[in-house]
Amino acid sequence: MAERKIAKANILKIMSKNKVNIIHSRFVPLNMENVDTDQIIPARFLKGTTRDGFGKNLFRDWRYENDDEKKPNSNFVLNQPQYDGNILVAGKNFGCGSSREHAAWAILDYGFTAVVSSFFADIFKNNALNNAVLPVIVTDAFLQKIFAQCSDATLTINLPQQTITIDSTNESEPFEISSYKKECLLNGYDDIDYLLSIKNDIELFEKS
Amino acid sequence: MVQTLFDKIWNKHVVKTIEDGPSVLYIDKHLIHEVTSPQAFAGIEKRGLKIFRPKQIVATADHNVPTINQHLPIKEDLGRIQVETLIKNCAENVIELYGLGHPYQGIVHVIGPELGITQPGMTIVCGDSHTSTHGAFGAIAFGIGTSEVEMVFATQCLLQTKPKQMRINVNGALKNGVLSKDIVLYILSKITASGATGFAVEYAGSTIRNLSMEARMTVCNMSIEMGARCGLIAPDETTFQYVKGKIFAPKEEAWITALSDWKKLYSDEDAKFDEEINIDTADITPMITYGTNPGMGLGINESIPSEKSLAEQEKPAFLKALNYMGLNEGDTVLGQKIDYVFIGSCTNSRIEDLRLVANFVKGKQKAAEVEVWIVPGSKQVEQQAIAEGIDKIFEAAGFQLRQPGCSACLGMNEDKIPAGKYCISTSNRNFEGRQGAGARTLLASPLTAAAAAITGVVTDIRELV
């Protein structure tokens, strides 16, 4: 499957500070626990010196047989035409392992703007937030409900209200995000903007 | 106020705290390497900023470098460009670089401690998840993403939410043939690969106290495999003796001042932890993993669990793992034929690891069909091994002593395990494809790996020592 068209648009947006507000989309279900960042983007594809172009190797070794782009693995969700959308839904402990931010870049470059799981690994969660990919933490029960939906179901992730809704059943759940990070995502700020604004405090701290 | 070791270091480094948000944490040392830094340098340039505190940064080339013929240009184009980009970025920004050919070059988590850059009480970050290694010195050390590397470049600070705290107490004497790697693989097998997510983990207890610094680093190194933000151990005489005299360790007056500060770094007697786990070493045997995350480990004589014993949502990953590994539920891994042995990585590539292996293999020969790669963690480890004649022992055993780097731990360079082959590895991750597409990794201690090198199959080291 070709990368979704949205990918390029997203990369441009992040350059000019991406904002997140309400995401309404179908979703791709990856019903697997402990998906590590080596699966999301294998180490041999980390040789870039820019943030672009990692989407084509997203889940490379699960997506293709024998590392051959001409042989998509039909059992893998990204290759199943019935699934589509800007939301990836995965089992608990998503993004564990290596700190490679390339995992978040690959997910964004492929066209996902949110990842839903019952549990994210720490470093991945920060990397996602720093790239305006919204990690949405739901209860295990709600996650199972999402996995039980049919392939054309849609989700609505409402960042201002901090809710995620299965549109067909109208079942909804609140999700947690720090008010600082929420503010950043809604306005397209990043941590460097904030840290630079308190540089005097940092210099004073160094002298103390 | 009663404080944990973590609290004491954290509180000393908080510049300010945002209301209902993260804290601004000051970073003492920033270690960088070729793979996760180029985009951060580019980001700084794009924003028109300068590196705020270049003297607090140390760089090395490790992830991508070849482990043979390091004096020749890197053959593979993209890897070479990354290493060259690091050289250029460090030169332009006046950052100390221990690149290929430098006597201090090596795996970033091996050189920090051995050069005395890593010291108790510090905050240390690196764009690499195994930065948790440095916590063995009583430091808050954790891996970060490239955007965060850029933040530290720009301001020497990070926005961090204070993690919860866990203490893992390990008590008792280690049985014969059991190493610190077995301790941490055992903990992982009990609490799983997500068991410490969101926690800073302090390791304590008599067993930890009796470990060498190298062995403590192995334990802290794999904290990230439990999902922990960091792992740390209170510094003590063992720590001070290790740091003393190291190239960048404080000297004379500065040493005396530092030492008196470091001696205050421990969890107060009544300090409260959000979670506490007790481990008795009587339960720990040599360990081996059977699956595709480091929590999927067994005592060397134990059997792989059955699908029936698992919760419903755990089954897909479990079955996928066994299929990938070519192993069956209910089997033992003992006796599994091995194709490759990799002794190296930031987990187990220090001089103590190489000495242990050399001591065991002296006078023995590797199994004919097994390929054995010993990859020292640094130039200093390599030179020390040569000075002690360890290289000769390996040569006589048919082991290849290669040059320093991350090597087959993550297979970014040419050191890849072929698809379908079994590798017993002293590294930290057995993820699918970690050591090469289709490679099957069994994580173990250096002694268990060495035993397999000699017999050609997964072996209980206790039968050979």
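Within 10 Å of each Cβ of A:90-98, how many other protein chain Cβ atoms are there on average?
Working: counts 0, 4, 5, 9, 1, 0, 13, 11, 12.
Per-residue shielding by partner chains comes out at 6.
Assign unit charges at the C-beta atoms only (+1 for Lys and Arg, -1 for Asp and Glu), then state the dipole size of region B:352-452 relative to its Cα centre in Debye, rounded to the nearest 20.
On the way: 12 positive and 11 negative charges, 35 e Å.
Dipole magnitude for region B:352-452 comes out near 180 debye.
How large is Rg over Rh for region B:1-101, taking Rg from the Cα atoms and Rh as the Kirkwood inverse mean of 1/r across Cα pairs?
On the way: Rg = 17.8 Å, Rh = 16.0 Å.
Rg/Rh for region B:1-101 comes to 1.11.
Using Cα pairs closer than 8 Å and at least 6 residues apart in sequence, work out the relative contact order for region B:247-317, in percent.
On the way: 26 pairs, mean separation 9.9, N = 71.
14 percent.
In region B:48-91, which trypsin sites (Lys or Arg not before Pro) are in a loop and have at most 15 other Cβ atoms within 10 Å, using DSSP for the loop call?
Those satisfying the criteria are B:LYS50, B:LYS75.
If you rank B:LEU401, B:LEU179 by fewest surrounding Cβ atoms within 10 Å, what's the result? Can you show the working numbers first?
Working: B:LEU401 21, B:LEU179 26.
The most exposed by this proxy come first: B:LEU401, B:LEU179.
Return the Rg/Rh ratio of chain B with Cα-based radii and a Kirkwood Rh.
Numbers: Rg = 21.4 Å, Rh = 22.4 Å.
Taking Rg over the Kirkwood Rh, I get 0.95.
Using a cut-off of 12 Å between beta-carbons, work out the net charge of the residues near B:PRO286 (Lys and Arg +1, Asp and Glu -1, B:PRO286 not included). Please list the in-between numbers first.
On the way: positive: B:LYS175, B:LYS181, B:ARG462; negative: B:ASP182, B:GLU302, B:ASP460, B:GLU463.
Taking every other residue near B:PRO286 into account, the sum is -1.
If you place +1 on the Cβ of every Lys and Arg and -1 on the Cβ of every Asp and Glu, how big does the dipole about the Cα centre of region B:287-385 come out, in debye to the nearest 20? Walk me through the numbers on the way to the answer.
Values: 10 positive and 12 negative charges, 81 e Å.
About 380 debye.
Checking the cross-link filter: which aspartates and glutamates have an alpha carbon closer than 17 Å to that of B:LYS16, excluding same-chain neighbours under 8 positions apart?
Within the straight-line cut-off, B:LYS16 pairs with A:ASP191, A:ASP193, A:ASP201, A:GLU203, A:GLU206, B:ASP7, B:ASP28.
If contacts are Cα pairs under 8 angstrom and at least 6 residues apart, what is the relative contact order of chain A in percent? The partial results should precede the final answer.
Numbers: 380 pairs, mean separation 52.3, N = 208.
Computed over chain A, the figure is 25 percent.
Placing unit charges on C-beta atoms (Lys and Arg positive, Asp and Glu negative, everything else neutral), compute the dipole magnitude of chain B about its Cα centre in debye, rounded to 20.
On the way: 45 positive and 53 negative charges, 112 e Å.
Value, rounded to 20: 540 debye.
How many lysine pairs in region B:311-465, separated by 8 or more positions in sequence or lying on different chains, have Cα atoms less than 19 Å apart?
10
Along Cα→Cβ, 7 Å out, is where each label goes; now give me the distance between the ones at B:LYS175 and B:SER206 in nm to one decimal.
1.8
Students often check this: by mean Cβ neighbours within 10 Å, which of A:80-90, A:95-105, B:226-236 ranks highest, and how do the rest follow?
Ranked from most to least packed, the peptides come out as A:95-105, B:226-236, A:80-90.
Within 10 Å of each Cβ of B:419-429, how many other protein chain Cβ atoms are there on average? Please report the intermediate quantities before stating the final value.
Working: counts 2, 0, 0, 0, 0, 0, 0, 0, 0, 2, 5.
Per residue, the number of nearby Cβ atoms from other chains is 1 on average.
Could you sort the peptides B:60-66, A:169-175, B:379-385, B:294-300 by per-residue average Cβ neighbour count (10 Å cutoff), highest mean leading? Display every interim value, and only then the final one.
Numbers: B:60-66: 26.6, A:169-175: 13.0, B:379-385: 20.6, B:294-300: 23.7.
So the order, starting with the most tightly packed, is B:60-66, B:294-300, B:379-385, A:169-175.
Relative contact order for chain B: what is it in percent, counting Cα pairs under 8 Å that are at least 6 residues apart?
Values: 1117 pairs, mean separation 80.3, N = 465.
Result for chain B is 17 percent.
Below 14 angstrom from the Cβ of B:ASN430, what's the summed charge of the other residues (Lys, Arg +1; Asp, Glu -1)? Could you put the intermediate results ahead of the total?
Details: positive: B:LYS181, B:LYS320, B:LYS421, B:ARG429, B:ARG434, B:ARG440; negative: A:ASP36, A:ASP38, B:GLU225, B:GLU432.
So the surrounding residues net to +2.
Which of B:LEU174, B:PRO113, B:PHE153 sits farthest toward the positive end of the charge dipole of region B:89-208, with +1 on the Cβ of Lys and Arg and -1 on the Cβ of Asp and Glu?
Working it through, the farthest residue towards the positive pole turns out to be B:LEU174.
Could you tell me which of rounded, prolate or oblate describes the protein assembly as shown, using a ≥ b ≥ c as the square roots of the eigenvalues of the alpha-carbon gyration tensor, with rounded for a/c under 1.5 and, failing that, prolate when a/b is larger than b/c and oblate otherwise? Show your work: numbers first, answer last.
Details: a/c = 1.42, a/b = 1.15, b/c = 1.24.
It is rounded, given that a/c, with a ≥ b ≥ c, falls under 1.5.
Specify the inter-centroid distance of region A:72-138 and region B:307-364, based on alpha-carbon positions, in whole Å.
28
Under the Karplus relation 6.51 cos²θ - 1.76 cosθ + 1.60, θ = phi - 60°, what is the ordered set of whole-Hz ³J(HN,Hα) values for region B:306-320, x standing for Gly and Pro?
So the Karplus estimates, Gly and Pro as x, are 8, 4, 4, 6, 9, 6, 3, 6, 7, 5, x, 5, 5, 5, 4 Hz.
Hand me the chymotrypsin sites (Phe, Trp or Tyr not before Pro) from region A:13-64 located in a DSSP loop with no more than 16 other Cβ atoms within 10 Å, in residue order please.
Numbers: sites: A:PHE27, A:PHE45, A:PHE54, A:PHE59, A:TRP62, A:TYR64; in loops: A:PHE59.
Loop-located and lightly packed - none at all.
Only helical DSSP H runs with n ≥ 4 go in: add -39500 (n - 2.57) per run for chain B, normalise by residue count and round the 222 nm mean residue ellipticity to 500 deg cm²/dmol.
-9000 deg cm²/dmol
Let me know the shape class of region B:174-264, please: from the alpha-carbon gyration tensor, a ≥ b ≥ c as square roots of the eigenvalues, rounded when a/c is under 1.5, otherwise prolate if a/b is greater than b/c, or oblate. The partial results should precede the final answer.
Details: a/c = 2.71, a/b = 1.79, b/c = 1.51.
Taking the square roots of the gyration eigenvalues as a ≥ b ≥ c, region B:174-264 is prolate.
Count, for each residue of A:116-126, the Cβ atoms from other chains sitting within 10 Å of its Cβ, then give me the mean as a whole number. It would help to have the intermediate numbers written out before the result.
Working: counts 0, 0, 1, 4, 4, 7, 14, 10, 2, 3, 9.
For peptide A:116-126, the averaged partner shielding equals 5.
For region B:258-389, build the charge dipole from Cβ charges (+1 Lys, Arg; -1 Asp, Glu) around the Cα centre, then report which of B:ASN301, B:GLN380, B:MET287 sits farthest towards its positive end.
Positive-end residue among those listed: B:GLN380.
What order, most packed first, do the peptides B:108-118, A:28-38 have when packing is the mean number of other Cβ atoms within 10 Å of each residue?
Taking the mean over residues of other Cβ atoms within 10 Å, the ranking is B:108-118, A:28-38.
How do A:ASP140, B:ASP128, B:ASP339 line up, fewest other C-beta atoms within 10 Å first? Present the calculation step by step, with values, prior to reporting the outcome.
Working: A:ASP140 13, B:ASP128 28, B:ASP339 17.
Ranked by crowding around the Cβ, least crowded first: A:ASP140, B:ASP339, B:ASP128.
Have a look at region A:28-88 and give its Rg and Dmax from the Cα atoms, expressed in angstrom.
Over region A:28-88's Cα set, Rg and Dmax evaluate to 12.0, 34 Å.
Going Cα to Cα from B:LYS181, which lysines come in below 20 Å? Please leave out same-chain ones fewer than 8 positions away.
Within reach: B:LYS190.
Shape call for chain A from the C-alpha gyration tensor, a ≥ b ≥ c root eigenvalues: rounded (a/c under 1.5), prolate (a/b greater than b/c) or oblate? Intermediate results must be reported in sequence, preceding the final value.
Working: a/c = 1.87, a/b = 1.29, b/c = 1.46.
Since a/c reaches 1.5 but b/c is at least a/b, the shape of chain A is classed as oblate.
Once the dipole of chain B is set up with Lys and Arg at +1 and Asp and Glu at -1 on Cβ about the Cα centre, which of B:LEU259, B:THR4, B:GLN365 lies farthest towards its positive end?
B:LEU259
Sorted from fewest to most neighbouring beta carbons within 10 Å, what does the list B:THR347, A:THR49 look like? Mind dumping the intermediate values first?
Values: B:THR347 31, A:THR49 18.
Ranked by crowding around the Cβ, least crowded first: A:THR49, B:THR347.
Post the alpha-carbon centroid distance, region A:141-155 to region B:126-183, in whole angstrom.
36
Quick note: the coordinates plus some simple rules give every number you see, no bench work behind them. Keep in mind that what you see is a predicted model, and the values were worked out from it rather than measured. Reconstructed Cβ throughout: ideal geometry from the backbone, glycine too, with neighbour counts over all protein chains shown.
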